Amino acid sequence: MARLFGTDGVRGVANTELTCELAYRLGQAAVTFLGKAIVVGKDTRLSGDMLEAALVAGIASAGGTALAAGIIPTPGVALLVRELNAAGGAVISASHNPPEYNGIKLFDAEGFKLPDAVEDEIEAFIKDGGLEGAVERARAAGDADAAMPSGPELGVAVEVEEACEIYIEHAVRSIREQGIDFSGMTIALDTGHGASSLTSPAALKRLGAEVIVINDDFNGTDINVECGSTHLGPLRELMEETGADVGIAHDGDADRVMLMTPEGDEIDGDIVEAVCALDMKQRGVLAGNTVVSTVMCNLGFVHAMRDAGIDVVQTKVGDRYVLEEMRAHGFAIGGEQSGHMILLEHNSTGDGLMTAVQFLAAVKRSGKSVSEAVKVMTRFPQTLINVRVADKHTASEQPAVKEAVAAAEAALGENGRVLLRPSGTEPVVRVMVEALSAEDAETHARAIADVVEREG
């Protein structure tokens with residue numbers, strides 16, 4: 001079978017790829033590999049109820065307790081695992097994907113995503129028939145007492161009252177402890193018909209802001225559809241209508257956030273990380289004087305950090321690699337251009353609400369407007385071309401391709417960057433070039449892409 005776990009849990013079209021049987025087995029696996037008490041949360045997708053029922057049934061069949069948090073952002077589940085001293089957590093969400101998709105991601109007892117080795121064990125467990133398969137193999141091996149839990153050994157589901165309130169108050173408290181509030185600030189907010197509809201408006205209002213929110217209703221089929229952090233058009237229109245001081249947009253499970261200036265300019269993850277990192281350095285809380293990002297971060301971010309005397313560590317693309325680097329070396333902040341940022345002082349995974357409030361606190365402390373504060377870095381124009389090739393793993397190693405890359409790098413010097421990498425899901429090599437001008441980025445990217453296409 002193809003690998004069950006992707007870069008962010010198990011994901012697929014609900015009821016065809018991500019089936020109830022698979023959700024049931026994942027519930028059993030959560031108890032078997034993590035422990036008895038599992039926090040369960042979901043986003044607003046129509047398939048959430050169906051998959052939740054199957055997941056909870058799996059947890060109960062293995063003798064576990066499902067702590068049902070209902071609709072709540074993914075980072076809320078990570079927080080609740082620690083707050084409730086649970087053995088782990090399970091989130092039913094496909095994040096920024098379309099409504100027909102869903103996913104299940106697991107957290108350990110500290111609220112961290114599972115390492116590859118544990119995911120591999122869970123995959124083997126599911127492939128071998130879950131708990132029922134394990135019991136059958138034990139019997140075949142001579143263990144006559146091997147049996148599925150029954151009677152008083154069966155598990156239960158317990159509703160977690162005030163689950164969203166615990167998460168909201170956690171974000172609010174993190175700002176109040178800094179002696180800051182957002183009074184006098186008008187915030188335009190797009191919750192993308194997702195889980196943050198129940199949390200972000202309340203948290204921002206509690207911190208004193210005037211909040212004008214859109215897409216905070218949901219019917220299960222509208223999550224992420226032409227709205228939220230992946231479609232900023234509605235937020236830009238709301239900014240124009242209201243004259244808000246800042247715009248905030250979440251994806252469906254609110255583990256990421258994108259922001260916007262009053263002029264309608266996008267504030268991506270690189271800029272948010274730059275503003276927060278500089279503020280942390282000034283407050284003396286930037287661990288290791290280092291920020292973590294990926295190889296896809298904008299060169300302007302690297303230059304801004306270098307100019308501020310901050311070290312930058314770049315990892316492979318994916319928040320799990322950012323987190324691994326942070327945990328390995330004790331770094332406090334890491335993120336991706338997509339708006340997925342991890343602030344380990346506050347949570348163990350990407351947290352859109354926490355990222356937004358910490359960014360706004362940094363802006364408030366600076367005494368500048370949002371538009372002025374984001375000028376700490378200048379984004380280099382970036383061109384990305386996807387080139388279809390026969391072998392994505394060897395295409396970039398061809399001598400002619402290396403020669404084309406070297407020529408572009410020589411021409412760009414310190415004022416540009418070239419990156420070639422194979423797609424994780426398609427037979428494609430991604431050619432990315434950054435330069436001082438959009439024209440230079442396009443010219444060099446096209447020249448390299450032509451060679452990759454010819455040689456690949």
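Numerical summary
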| read-out | value |
| --- | --- |
| Size of electric dipole in region 258-389: Cβ of Lys, Arg +1 and of Asp, Glu -1, about Cα centre, debye, nearest 20 | 180 debye |
| Inter-part distance where region 93-159 and region 283-362 are each reduced to a Cα centre, Å | 32 Å |
| Whole-Å semi-axes of the ellipsoid equivalent to region 288-397 (Cα gyration tensor, √5λ, descending) | 27, 18, 14 |
| Relative contact order for region 188-286, counting Cα pairs under 8 Å that sit 6 or more residues apart, in percent | 27 percent |
| Residue-by-residue Karplus 3J(HN,Hα) for region 216-229, coefficients 6.51, -1.76, 1.60, Hz, glycine and proline x | 9, 9, 7, 10, x, 10, 10, 4, 6, 7, 6, 7, x, 5 |
| Gln178-Leu384 pseudo-label distance in nm [points 7 Å out on the Cα-to-Cβ vector] | 2.8 nm |
| Percentage, to the nearest whole number, of Cα pairs in the chain over 37 Å apart | 29 percent |
| Calculated [θ] (222 nm, deg cm²/dmol) that DSSP helices of n ≥ 4 give over the chain, each run adding -39,500 (n - 2.57) | -12000 deg cm²/dmol |
| Mean Cα-pair separation over length for the chain, i.e. relative contact order, pairs under 8 Å, 6 or more apart, % | 12 percent |
| Tilt relative to the chain, helix 269-283 - C-alpha long axis, 0 to 90 degrees, to 10 | 90 degrees |
| Apportionment of accessible area to carbon and sulfur, the chain, percent (1.4 Å) | 50 percent |
| In region 156-255, the GluC sites (Glu not before Pro) that fall in loop regions by DSSP, at most 16 other Cβ within 10 Å | Glu161, Glu162, Glu177, Glu226 |
| Charge dipole (debye, nearest 20) of region 98-201; +1 at Cβ of Lys and Arg, -1 at Cβ of Asp and Glu | 240 debye |
| Among His170, Leu22, Ser150 - extreme Cα towards positive end, dipole of the chain, charges at beta-carbon | His170 |
| Count, lysine Cα pairs under 15 Å in the chain, 8 or more residues apart or across chains | 4 |
| Average accessible area per residue (Å²) across region 304-358 - probe 1.4 Å, nucleic acids and ligands excluded | 34 Å² |
| Residues Glu439 and Gln398, FRET efficiency given R0 of 22 Å [Cβ-Cβ distance, rounded to 0.05] | 0.25 |
| Crossing angle, helix 163-176 versus the chain [Cα axis fit, 0-90 degrees, rounded to tens] | 40 degrees |
| Rounded accessible area of Thr294 (nearest 10 Å², 1.4 Å probe) | 0 Å² |
| Between helix 438-455 and the chain: long-axis angle, C-alpha atoms, 0 to 90°, nearest 10 | 60 degrees |
| Rounded to the nearest 10 Å², the accessible area of Ser338 at probe 1.4 Å | 40 Å² |
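The values are calculated or read from the model by the stated rules, or taken from the named source; none is laboratory data. Not measured: the values here are computed from a predicted model. Every residue, glycine among them, receives a Cβ derived from its backbone with ideal geometry; neighbour counts consider all protein chains shown. Remember, those area values only see protein heavy atoms, side chains included, never the ligands or the DNA or RNA. Shrake-Rupley method; radii C 1.70, N 1.55, O 1.52, S 1.80 Å.
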